[in-house]
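Asker: Mind looking over this structure? Questions follow.
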Amino acid sequence: METAEIIKMPQRHIAAIAVEKAYRKGDHKIPVLHGVNIDVNRGEFVSIVGQSGSGKSTLLHLLGLLDAPSVGEIHLDSQRIDDLSAKSRDELRNRVFGFIFQFYHLLPELSVIENVLSPLMIRHSLLGYLRRKKQFQNEARELLDRVGLSHRLTHRPSELSGGEMQRAAIARALIGKPEVLLADEPTGNLDATTGGEIMDLLRKLNEEEGLTIVMVTHDNVIAEQAGRTVRLREGRLEKLAEAA
Ligand SMILES: Nc1ncnc2c1ncn2[C@@H]1O[C@H](COP(=O)(O)OP(=O)(O)OP(=O)(O)O)[C@@H](O)[C@H]1O
């Protein structure tokens, strides 16, 4: 009797299917994406490269439900998610996705640990938050320890270096236990060494915790550190290298 070979199929996590996006500017339509297909598997680390203006951030925003495609679909696992009600999309975005950006977007008037806790303050009712405040603070401290910032809990963002601000932003993105981290030029404002340290951290999160990561970058050296790279060209995706 033949032994059936068990082939482990990669599991689709997040996908864009035949996505088109055009922005409106007055009477004008600005077409940006022309039928983009991308499938990111659970636990994958994918980088998206392409020239400035090629639509990288636009695509990332569509994947994370920050914006809606003009045509096409966004799927999470096997579920279409771009056509959900605004409330369901908000809920899903907050629960499933963590975001980090080139300029960190930390709240300047809050301390590092308060910044990390801020998504939980938004997610829970005041009473619910206060009831679990100790637990949440412990989780925030653990995360800040993991990103190497346990000595900066009460600093304000203006008292941090760029690398430290991005570490704080990563901890903030992780506090809600996201399944997918979407990173828009996470090293774009950092020197090569500091950017490398941030990439080490992202790779560790991907390899050790199985976090799915989609990262936009214009830097090919940074992009190569992901497991797979795709390039946006004239609003369409072409496949590049796959890591060995
Ligand atoms: N809200 C908007 N309204 C109108 N046009 C927009 C809007 N957002 C982006 N665009 C245009 O869409 C195109 C793609 O922008 P996008 O930010 O996605 O590119 P990108 O590849 O991320 O560029 P960069 O590497 O410079 O950040 C650009 O020409 C931009 O001007």
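Throughout, read-outs are computed from the coordinates displayed, never taken from laboratory work. What you see is a predicted model; the values in this text were computed from it and never measured. So basically every Cβ, Gly included, is an ideal-geometry build from the backbone, and we count neighbours across all protein chains shown.
Asker: Taking amide hydrogens as modeled 1.01 Å from N in the peptide plane, which residues meet the under 5 Å criterion relative to GLY72, leaving out close sequence neighbours?
Answerer: Residues meeting the criterion, in which the H sits 1.01 Å from N, are GLU20.
Asker: For segment 9-21, in order, what is each residue's ³J(HN,Hα) by Karplus, 6.51 cos²θ - 1.76 cosθ + 1.60 with θ = phi - 60°, in whole Hz (x at glycine and Pro)?
Answerer: Karplus values, whole Hz, x for Gly and Pro: 7, x, 9, 4, 9, 9, 8, 10, 10, 6, 7, 10, 9.
Asker: Could I ask something else about it? Give me THR229, THR194 ranked fewest to most by other Cβ atoms within 10 Å of their Cβ, as a rough exposure proxy.
Answerer: Taking fewest neighbouring Cβ atoms as first place, the list is THR194, THR229.
Asker: List the trypsin sites (Lys or Arg not before Pro) within segment 70-144 that DSSP assigns to loop and that have no more than 14 neighbouring Cβ atoms inside 10 Å.
Answerer: Those that pass, being in a loop and sparsely packed, are ARG132.
Asker: A follow-up question, please. Which of GLU73, GLU209, GLU185 moves most in a GNM of the chain, Cα contacts under 10 Å?
Answerer: The residue with the greatest mean-square fluctuation here is GLU209.
Asker: Calculate one ³J(HN,Hα) per residue across segment 106-121 by plugging θ = phi - 60° into the Karplus curve 6.51 cos²θ - 1.76 cosθ + 1.60, and present them in order as whole Hz with x for glycine and proline.
Answerer: 7, 7, x, 7, 9, 6, 4, 5, 5, 4, 5, 7, 4, x, 6, 5
Asker: Who wins for biggest fluctuation among ASN189, ASN220, ASN138 in a Gaussian network model of the chain, springs between alpha carbons below 10 Å?
Answerer: ASN138
Asker: Determine the shape class of the chain: with a ≥ b ≥ c the square roots of the Cα gyration tensor eigenvalues, call it rounded for a/c under 1.5, and otherwise prolate if a/b is greater than b/c, oblate otherwise.
Answerer: Rounded, since a/c falls under 1.5.
Asker: Between the DSSP loop rule and a limit of at most 15 other Cβ atoms within 10 Å, which chymotrypsin sites (Phe, Trp or Tyr not before Pro) in segment 62-149 are left?
Answerer: Passing sites in segment 62-149 are PHE103.
Asker: When the helices in the chain are scored as -39500 (n - 2.57) per DSSP H run of 4 or longer and the sum is shared across all residues, what 222 nm value do you end up with, to the nearest 500 deg cm²/dmol?
Answerer: So the calculated ellipticity at 222 nm is -10500 deg cm²/dmol.
Asker: Which ³J(HN,Hα) values in Hz, rounded to whole numbers, follow from the phi angles of segment 218-232 under the Karplus curve 6.51 cos²θ - 1.76 cosθ + 1.60, where θ = phi - 60° and Gly and Pro get x?
Answerer: Residue by residue, segment 218-232 yields 9, 9, 5, 5, 5, 4, 4, 7, 7, x, 8, 10, 10, 10, 8 Hz.
Asker: Only Lys, Arg, Asp and Glu count, each charged at its Cβ (+1, +1, -1, -1), so figure out the dipole size of the chain about its Cα centre, rounded to 20 debye.
Answerer: Dipole size: approximately 780 debye.
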